[in-house]
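J.: The structure under discussion is supplied below as structure tokens; questions concerning it will follow.
A short reminder: the numbers here are calculations on the coordinates, not readings from a lab. What you are looking at is a predicted structure, and each value in this text was computed from that prediction instead of being measured. Here the Cβ positions follow ideal geometry from the backbone for every residue, glycine too, while neighbour counts run over all protein chains shown.
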Amino acid sequence: MALNSAFRAAVEELRTPGMGTENVGPLLYALVRMTRSWRLMEVGLGYTTPFLAKALKDMATEFEADRTLLSTPGRDERKGVLSVDYYRRNHMAILHAIDDYSVQGSSAPKVLETLRHLELDMVVELHDGDYRGMSRKIDPATLPLDLVWFDCGGLIDYVDFIEEFWPLINADGGMLLLHYTYWDVAKHYTGTEPAQLIPNPIANEIKRQQARAGVNAEFEVLSLLEPHKTRQGSVTVIRKLNRSSMVRDAELEEDLKSFDRDVIRPLPKL
Ligand SMILES: C[S@@+](CC[C@H](N)C(=O)[O-])C[C@H]1O[C@@H](n2cnc3c(N)ncnc32)[C@H](O)[C@@H]1O
């Protein structure tokens, strides 16, 4: 139940160096499992697809094992950290995988064969075609989406995609991950050295909206950069915040009091 050597060997055929997702695959695997994201979407198939599917399968196996553990009498260290409430509900594992097979050199056409070889195809629903309009073809019983990985197209695609699919993302912590959101300015603007990675206009707008919303922001943003790359080297994660995850607009002292906690020293200004 891990990314063992057999898995690594099987997915190697899908790795396309120019797509730059060699670190994103394992990142997605860990994120899905950590955040217990059961309903997934990927736009732009390839190397990353089996990592998402494997995360779902391993997570389902772990879920059943934990459930059994919880119903077994006796003390256990892991039992001590598990939420009994969480294990009362069943979860549907699904990966909606969309591709129109329009890009030459993408490993998308080989994905299904690899999934079958790894016995992961049962958790994947392939949608062949343009992502635009695809929201209408998705079974509403498989919504909302807990994690969406968007790895396709250019600037206008981010706008089109977000317009159609943002409302389908779980308002309670659902995440949207966008690839290649930071640009190398030497390449895109001035041609000068040294190169600097800066948010592209889409990432900038997302961060600007968050900053403008201030304490009322209903999402948070984190960008992960690969400084050794000039392109395809960034992922921006946008996580929706439910009411209880939003910022409490109270200074530390006041906030501590609301938890009946003693006042501690002020936190240094970051
Ligand atoms: C950058 S590649 C995906 C790389 C893949 N995630 C990986 O890790 O190897 C982009 C993919 O998006 C697909 N694509 C491009 N435009 C699309 C569209 N409008 N709708 C659906 N898929 C599209 C291409 O066929 C291609 O397979």
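J.: Could you identify the single residue in PRO144, PRO50, PRO73 that is free of Cβ contacts under 8 Å to residues at least 24 places away in the same chain and either surrounded by fewer than 17 Cβ atoms within 10 Å (Cβ to Cβ) or not aliphatic (A, V, I, L, M) (or both)?
T.: Every option except PRO73 fails the conditions.
J.: Which residue pairs have Cβ atoms under 6 Å apart, sit 6 or more places apart or on different chains, and have a first residue in region 11-27 that is more than 14 Å from ARG231 (Cβ to Cβ) and a second that is near the ligand (Cβ under 8 Å from one of its atoms) and hydroxyl-bearing (Ser, Thr, Tyr)?
T.: LEU14/TYR47; LEU14/SER107; ARG15/TYR47; GLY25/TYR47; GLY25/THR48
J.: Going by what's in this entry, would ALA53 be described as farther than 25 Å from ALA141 by Cβ and in contact with a strand residue (DSSP E or B) (Cβ under 6 Å, 6 or more places away or on another chain)?
T.: In short, no.
J.: Related question: Quickly run through region 25-47 and pick out the residues that are surrounded by 23 or more Cβ atoms within 10 Å (Cβ to Cβ) and among the aliphatic types (A, V, I, L, M).
T.: Answer for region 25-47, where residues must be surrounded by 23 or more Cβ atoms within 10 Å (Cβ to Cβ) and among the aliphatic types (A, V, I, L, M): LEU28, VAL32, LEU40, MET41, VAL43, LEU45.
J.: Now, a different point. Hey, does region 60-75 have a residue that's over 28 Å from LEU177 (Cα atoms), aliphatic (A, V, I, L, M) and touching a Leu at 6+ places or on another chain (Cβ under 9 Å)?
T.: Looking through region 60-75, at least one residue is over 28 Å from LEU177 (Cα atoms), aliphatic (A, V, I, L, M) and touching a Leu at 6+ places or on another chain (Cβ under 9 Å).
J.: Across region 76-99, what is the total count of residues that are among the charged types (D, E, K, R), away from the ligand (no atom under 16 Å from the Cβ) and surrounded by 16 or more Cβ atoms within 10 Å (Cβ to Cβ)?
T.: Of the residues in that region, 0 qualify.
J.: Do you know which residues across region 213-263 are surrounded by 12 or more Cβ atoms within 10 Å (Cβ to Cβ), in contact (Cβ under 8 Å) with a residue 24 or more places away in the chain and part of a helix (DSSP H, G or I)?
T.: Once the filter is applied, which keeps residues that are surrounded by 12 or more Cβ atoms within 10 Å (Cβ to Cβ), in contact (Cβ under 8 Å) with a residue 24 or more places away in the chain and part of a helix (DSSP H, G or I), region 213-263 yields only SER245.
J.: Count, please, the residues in region 147-178 that happen to be β-branched (Val, Ile, Thr) and surrounded by 17 or more Cβ atoms within 10 Å (Cβ to Cβ).
T.: Counting residues in region 147-178 that are β-branched (Val, Ile, Thr) and surrounded by 17 or more Cβ atoms within 10 Å (Cβ to Cβ) gives 3.
J.: Would you tally the residues in region 123-175 being on the phi < 0 side of the Ramachandran plot and small (Gly, Ala, Ser)?
T.: Qualifying residue count for the region: 5.
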